[in-house]
Amino acid sequence: MLDTITVRRMPFAFSEEIDPVVFPGDHARSFGLIAGSLLLPHLEPYLIRSMKAARPHVRDPEILDGLDRFAAQEGHHYRMHMKFNAAVRRAGFPGLEALEKELSDDYHRFSRERSLRFNLAYAEGFEALSMNAIKAMMEPDGFGEDLPEFMQMFEWHFVEELEHRTVTFDVYDHVVGGYFYRLFVGAWAQWHFTRWMRRVAAYMLKVCPQPKTPGTERDGAPRPPRQPNLLAQLPMLLRIYSPTYTPHKVEIAPGMERLARKYSEMALKTS
Ligand SMILES: [Fe+2]
Ligand SMILES: [Fe+2]
């Protein structure tokens, strides 16, 4: 299920002004989501650079096709998030600039100075953990009906993440390989980017704290994605660290295929 990688150019456009409390009354979850969006225009270009560096070493045409489609999908993802992030920045969080610069410097340094093996293991560490998180948040049927545009953007993005879930695993395995190296660098990568996201969300909460009296939920206001239950997630987490793990064996709910079709229909262009 969900085993083709379709590159979709999406029509999302965000208004100039966005209330950064995207889930009314819930600052923590709003800023958690925004931290993820702010990560991507730094992380995804780094993933693309790593895949392109691996490309000359790939001999298998199927893996090569996956690599090219992965790079094209990720390119669309971060450009779309940049539009959303620009609107968030206009809401005034001046400390974000320094946090983003630190992250961007890290990723450029990794591309320049770290081995291809490190960069490919980092990429798979990110893809494996995000696949788990996306499955926990979105299965079986996505985020729901009548979503605001920014939630549709996340839903489209996450469906494509599931579509390309095998690519970085296959490229790592084909070009460099080695379970223990992937395990340790992958786990370090997961610490590296989740720590940055936690710092961003904490900074935003400091600037714009949760009000003491809970706000009343507005009818029709966007709701945050389901919070993954950590205990229920444990088997999935252990699975990506297992020596027998392969994303090829991960089951994807049929509802994700329906969403993939929905976003293909909405796309300006597919390839
Ligand atoms: Fe992506
Ligand atoms: Fe991805």
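The values are calculated or read from the model by the stated rules, or taken from the named source; none is laboratory data. Everything quoted here is computed from the prediction, not taken from an experiment. Positions of Cβ are generated from backbone atoms using ideal geometry, with glycine treated the same way; all protein chains shown enter the neighbour counts.
Select from the stretch 30-70 the residues that are not in a helix (DSSP H, G or I) and not basic (Lys, Arg) and write down the one among them that is surrounded by the most Cβ atoms within 10 Å (Cβ to Cβ). Out of the qualifying residues, it is Val58. Of the residues in the stretch 121-138, not one is in a loop (DSSP other than H, G, I, E, B), away from ligand 2 (no atom under 12 Å from the Cβ) and in contact (Cβ under 8 Å) with a residue 40 or more places away in the chain.
Of all residues in the stretch 222-271, those that are at pLDDT 95 or above, small (Gly, Ala, Ser) and loosely packed, with under 14 Cβ neighbours inside 10 Å total 3.
Let's see how each residue does on (1) under 19 Å from Ala267 (Cβ atoms); (2) at pLDDT below 95:
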{"position": "Leu64", "(1), (2)": "no, no"}
{"position": "Leu67", "(1), (2)": "no, no"}
{"position": "His76", "(1), (2)": "yes, no"}
{"position": "Phe84", "(1), (2)": "yes, no"}
{"position": "Ala87", "(1), (2)": "no, yes"}
{"position": "Asp105", "(1), (2)": "no, no"}
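Inspect the stretch 49-60 for any residue being at positive phi and within 16 Å of ligand 1 (Cβ to nearest atom) and give the result as yes or no. For the stretch 49-60, residues at positive phi and within 16 Å of ligand 1 (Cβ to nearest atom): absent. Within the option set Gly142, Gly177, being modelled with pLDDT of 95 or more, on the phi > 0 side of the Ramachandran plot, in a loop (DSSP other than H, G, I, E, B) and buried (at least 17 other Cβ atoms within 10 Å of the Cβ) holds for one residue only, Gly142.
Restricting attention to the stretch 1-37, the residues that are within 16 Å of ligand 2 (Cβ to nearest atom) and within 17 Å of the chain's Cα centre (by Cα) total 7.
Listed here are the residues, each with its yes/no results for (1) away from ligand 1 (no atom under 12 Å from the Cβ); (2) closer than 12 Å to Ser130 by Cα; (3) acidic (Asp, Glu); (4) in contact (Cβ under 8 Å) with a residue 12 or more places away in the chain.
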{"site": "Trp156", "(1), (2), (3), (4)": "no, no, no, yes"}
{"site": "Glu161", "(1), (2), (3), (4)": "no, yes, yes, yes"}
{"site": "His164", "(1), (2), (3), (4)": "no, yes, no, yes"}
{"site": "Asp170", "(1), (2), (3), (4)": "yes, no, yes, yes"}
{"site": "Tyr181", "(1), (2), (3), (4)": "yes, no, no, yes"}
{"site": "Val185", "(1), (2), (3), (4)": "yes, no, no, yes"}
{"site": "Phe193", "(1), (2), (3), (4)": "yes, yes, no, yes"}
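Applying the condition of being more than 10 Å from ligand 2 (Cβ to nearest atom) and either more than 14 Å from Asp60 (Cα to Cα) or of a type outside the set (D, E, K, R) (or both) to the stretch 155-174 and asking which residue is surrounded by the most Cβ atoms within 10 Å (Cβ to Cβ) yields Tyr172.
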